[in-house]
Amino acid sequence: MANTANNAFYGTGRRKTSSARVYLRTGSGKVVINGRTLEEFFGRETGRMIVQQPFGAVQLDGKFDVEAHV
């Protein structure tokens, strides 16, 4: 993950023919995936929990905003 200006981190993940670009910025915990909110993108609560679990594991819930393009 690369550190960009204004305390934002950027990372790219690839698997087979898919790729994801993720920006992580200090903020309030807002998650946006392909321009849609977490609730719009993941209809089920289990999908939303899986996305937020890593932040809970390191006790950083609500401290970072995530913007992902997949």
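So Val32 fits all but one of (1) part of a strand (DSSP E or B); (2) open to solvent by 70 Å² or more (accessible area, probe 1.4 Å); (3) β-branched (Val, Ile, Thr); what number is the exception?
All conditions pass for Val32, except number (2).
Could you list, in sequence order, the residues of the range 1-18 that are outside any strand (DSSP E or B) and at pLDDT 90 or above? Give the steps one after another, and end with the answer.
At the first step, the residues of the range 1-18 found to be outside any strand (DSSP E or B) are 1, 5-7, 16-17.
Those that are outside any strand (DSSP E or B) and at pLDDT 90 or above: Lys16, Thr17.
Any residue at all in the range 40-50 that is surrounded by 11 or more Cβ atoms within 10 Å (Cβ to Cβ), of a type outside the set (S, T, N, Q) and under 10 Å from the mean Cα position of the chain (by Cα)? Outline the logic, then answer.
Let us first name the residues in the range 40-50 that are surrounded by 11 or more Cβ atoms within 10 Å (Cβ to Cβ), namely 40-42, 47-50.
Retained after the next criterion (residues that are of a type outside the set (S, T, N, Q)): 40-42, 47-50.
Okay, now just the ones that are also under 10 Å from the mean Cα position of the chain (by Cα), so none.
No: zero hits.
Look at Thr37 and say whether it is out of contact with any Ser or Thr (no Cβ under 8 Å at 6 or more places or on another chain), without any contact (Cβ under 8 Å) to a residue 60 or more places away in the chain and either on the phi < 0 side of the Ramachandran plot or small (Gly, Ala, Ser) (or both).
Working: out of contact with any Ser or Thr (no Cβ under 8 Å at 6 or more places or on another chain): yes; without any contact (Cβ under 8 Å) to a residue 60 or more places away in the chain: yes; either on the phi < 0 side of the Ramachandran plot or small (Gly, Ala, Ser) (or both): yes.
Taking the combined requirement at face value, the residue satisfies it.
Conditions (1) under 18 Å from Asn7 (Cα atoms); (2) in contact with a helix residue (DSSP H, G or I) (Cβ under 8 Å, 6 or more places away or on another chain); (3) not small (Gly, Ala, Ser), marked per residue:
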site: Ser19; (1), (2), (3): no, no, no
site: Leu24; (1), (2), (3): yes, no, yes
site: Ile33; (1), (2), (3): no, yes, yes
site: Arg36; (1), (2), (3): no, no, yes
site: Phe55; (1), (2), (3): yes, no, yes
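State all residues of the range 19-29 that are assigned to a loop (DSSP other than H, G, I, E, B) and open to solvent by 60 Å² or more (accessible area, probe 1.4 Å); if no residue qualifies, say none. Spell out the reasoning first.
Filtering the range 19-29 down to residues assigned to a loop (DSSP other than H, G, I, E, B) leaves 27-29.
If the condition is that a residue be assigned to a loop (DSSP other than H, G, I, E, B) and open to solvent by 60 Å² or more (accessible area, probe 1.4 Å), then Ser28 is the only one that fits.
The values are calculated or read from the model by the stated rules, or taken from the named source; none is laboratory data. Everything quoted here is computed from the prediction, not taken from an experiment. Cβ: placed from backbone, ideal geometry, glycine included. Neighbour counts: every protein chain shown. Surface accessibility is based on the protein's heavy atoms, side chains included, excluding ligands, DNA and RNA. Shrake-Rupley method; radii C 1.70, N 1.55, O 1.52, S 1.80 Å.
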